[in-house]
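K.L.:
After the C-alpha cells below, expect a handful of questions from me.
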Amino acid sequence: MKKLFTVLLALCITLQLLAQGQSKHALFIGNSYTEVNNLPYLVSQVASSMGDTLTYQANTPGGCTFQQHCNNQSMTLIQQGGWDIVVLQEQSQYPSFPQSQVQNEVFPYAAQLVQAVYTYCPCAEPMFYMTWGRRDGDQQNAQFFPVLGTYQGMDSMLYERYLYMAKTNDASLCPVGRVWRSLRTSHPDIELYSGDGSHPSMAGSYAAACAFYAMMFQRSPLTSSFNASLNDATASIIRSVVDSVVCQQFAFWQRPLPQASFDTLRREGTVCSNVFDFENNSSYADRYFWDFGDGDTSDFESPNHAFPNPGTYTITLVASRHCMSDTATLILTIAEPVAIHQPSAPTFHLYPNPATTCLWLESEVSAPAQVFDLTGRLLFSVEVVEGVNQIDLQRLIPGRYLLRLADRSLPFVKQ
C-alpha cells in the first residue's frame, strides 16, 4: 500500500508540473512574412491552448534583410537580453539567390545576428525561420537565376540555404517551408498563400504558428484547440502535418545538444596504479566539469587524476554548451596499488593545436592514423611513419576533431 501511495504521489506531482506548462520569452526578427496575420500572436495562442505561455516582442519592417537588422532596432532588442528564443527571418527572396550573392549578402549577417544573440543572451536559442517558395516561383529574378522560375526550384534553394545557416551557426531551424511543401503536396485544396502568391493566408500563418510552437516548446500541437479562424478540419490537417514534419524530426531541426561521454585509462607505470587518464569523447560541448568523487574537480577537457586511497569512486563529467548540458558517470573501483611492469604504449604528439592548414604528427610507430569528427564519423585516414609526419587539414571545416593512432586518440582543433 505504501509503495502504491508513493507511485500515485509521484504521478500527481508529474501531472501537476505538466499542468503548469512552460513559459518562454521570444524575440521575432523578420519582415512582412512575420508581420502578416501577426504570427507571434498566433504562436502565443497555440501555446496558450496547450497550457504554455509565450511572451514576445517583434521587429518586422517590410522587406527588411538580415543586413538591415544588424543596424536597426533588432540589434538593440537583442542587446537587452533576457530572451529564451530569438527568431531570425531573412527577406523572402534573398536566401534563394545565386550562391555567390548569398555568401556576400546573407550568410555574414546571419552569423552576425547569431553571434550577437550568444553574446548578449548566452542561454538563448537562435532559431532561423525557413520560409517558402512563392506560389509560382520568383519570376522577377528567374531571368538571372532560372531555378527560381518554379515554386519547387525557389523552395529548394530556401531549404538548402536556411539549413546551411542553422548548421554553421549552431542554431535551430523552424522548417515552415517544409511544412508548406508537405501541405501543398498532400492537401493542395488548402490555400496557403494570400492573393499575391507570396505572403501567407491565415492557413499559411497558422501552419507557421504550429511549427514554431512545436520547435519552441518541443511539443506536438496536435491537441491544440486554437484554430485561428480556420474550420476544425483544416486546422486539424495542418497540425497533423506539423507533427509529421517537425515533431517526428526534432533532433534534425534542433541545434545539437551536448552529449557527455568519456573513457578511463589507468596510467601505465611501475607504482602509480591509482593514476588515471580521462579521455573525453563528448560531442557538441565546449566546457567541461569533472567531479572525481574524492573531493577534487577539474575543468580540463581530458584531465588525469591520482586517487588518494583504494576505494570506489563515482566519476561525473558534465559537458556544456550555451547553457545546455549533459552528464555521464562511471563507478571506478581502485584496489590496493600493485606494481605494473608493462612496456609503455607508443606515444605521439600533435602540433600546432589549434591548427589551420596542416597538422604535424610526431609518432613512435608506423601505422594508419584516422581522423574522426565528434559524432564518431570517420573522415579520412593517412599512413603515418615513425618520426615527423605532415597531415593536410584543408579538407576539414573549422571545428573539433579526434586523431586516432595505435588505439590512442588525441583531440585537435581546425581553425
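The values are calculated or read from the model by the stated rules, or taken from the named source; none is laboratory data. No experiment lies behind these values; they were computed from the predicted model shown. Glycine also receives a Cβ, built like all others from the backbone with ideal geometry; neighbour counts cover every protein chain displayed. Remember, those area values only see protein heavy atoms, side chains included, never the ligands or the DNA or RNA. Shrake-Rupley method; radii C 1.70, N 1.55, O 1.52, S 1.80 Å.
K.L.:
Looking only at the stretch 126-137, filter to residues that are part of a loop (DSSP other than H, G, I, E, B) and surrounded by 24 or more Cβ atoms within 10 Å (Cβ to Cβ); which one of those is nearest to the chain's Cα centre (by Cα)?
P.N.:
That would be M130.
K.L.:
When the stretch 31-49 is examined, which residues are found to be over 25 Å from the mean Cα position of the chain (by Cα) and either closer than 16 Å to G62 by Cα or modelled with pLDDT under 95 (or both)?
P.N.:
If the condition is that a residue be over 25 Å from the mean Cα position of the chain (by Cα) and either closer than 16 Å to G62 by Cα or modelled with pLDDT under 95 (or both), then S32, E35, V36, N37, N38 are the ones that fit.
K.L.:
When residues of the stretch 102-156 are filtered for being over 22 Å from E35 (Cα atoms) and touching a Pro at 6+ places or on another chain (Cβ under 7 Å), how many remain?
P.N.:
Residues that pass the stated criteria total 2.
K.L.:
Within the stretch 321-329, is even one residue in contact with a Leu (Cβ under 8 Å, 6 or more places away or on another chain), surrounded by 13 or more Cβ atoms within 10 Å (Cβ to Cβ), charged (D, E, K, R) and at pLDDT 90 or above?
P.N.:
yes
K.L.:
Also, quick follow-up: Return the total of residues in the stretch 227-251 being in contact with a Phe, Trp or Tyr (Cβ under 9 Å, 6 or more places away or on another chain), open to solvent by 20 Å² or more (accessible area, probe 1.4 Å) and either at pLDDT below 95 or not in a helix (DSSP H, G or I) (or both).
P.N.:
Of the residues in that region, 3 qualify.
K.L.:
Under 9 Å between Cβ atoms, which residue pairs at least 6 apart in sequence (or on different chains) link something in the stretch 26-55 that is aromatic (F, W, Y) with a partner that is in a loop (DSSP other than H, G, I, E, B) and surrounded by fewer than 20 Cβ atoms within 10 Å (Cβ to Cβ)?
P.N.:
Close Cβ pairs satisfying both conditions: Y33/S198; Y33/H199.
K.L.:
Same structure, new question: Of all residues in the stretch 152-192, which are farther than 17 Å from Y94 by Cα, open to solvent by 10 Å² or more (accessible area, probe 1.4 Å) and not β-branched (V, I, T)?
P.N.:
If the condition is that a residue be farther than 17 Å from Y94 by Cα, open to solvent by 10 Å² or more (accessible area, probe 1.4 Å) and not β-branched (V, I, T), then K167, N169, D170, R178, R181, S182, R184, S186, H187, P188, D189, E191 are the ones that fit.
Every residue, every condition in (1) closer than 17 Å to Y284 by Cβ; (2) open to solvent by 80 Å² or more (accessible area, probe 1.4 Å); (3) touching a helix residue (DSSP H, G or I) at 6+ places or on another chain (Cβ under 9 Å), yes or no:
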| site | (1), (2), (3) |
| --- | --- |
| T375 | yes, yes, no |
| E386 | no, yes, no |
| Q390 | no, yes, no |
| G399 | yes, no, no |
| L403 | no, no, no |
| S409 | no, no, no |
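K.L.:
Restricting attention to the stretch 14-27, does a residue exist that is crowded, with 21+ Cβ neighbours inside 10 Å and either modelled with pLDDT of 95 or more or not charged (D, E, K, R) (or both)?
P.N.:
Within the stretch 14-27 (the criterion being crowded, with 21+ Cβ neighbours inside 10 Å and either modelled with pLDDT of 95 or more or not charged (D, E, K, R) (or both)), the answer is yes, since at least one residue qualifies.
K.L.:
Can you tell which of R400, R395 is basic (K, R), under 21 Å from T264 (Cα atoms) and either modelled with pLDDT of 85 or more or out of contact with any Asp or Glu (no Cβ under 9 Å at 6 or more places or on another chain) (or both)?
P.N.:
Every option except R400 fails the conditions.
K.L.:
For the subset of the stretch 65-120 comprising residues that are in contact with a strand residue (DSSP E or B) (Cβ under 6 Å, 6 or more places away or on another chain) and part of a helix (DSSP H, G or I), which member is surrounded by the most Cβ atoms within 10 Å (Cβ to Cβ)?
P.N.:
H69
K.L.:
While we're looking at this one, here's another question. Go through (1) in contact with a helix residue (DSSP H, G or I) (Cβ under 8 Å, 6 or more places away or on another chain); (2) open to solvent by 10 Å² or more (accessible area, probe 1.4 Å); (3) within 28 Å of N71 (Cα to Cα) one by one and return the number of the condition C123 breaks.
P.N.:
Answer for C123: the failing condition is (1).
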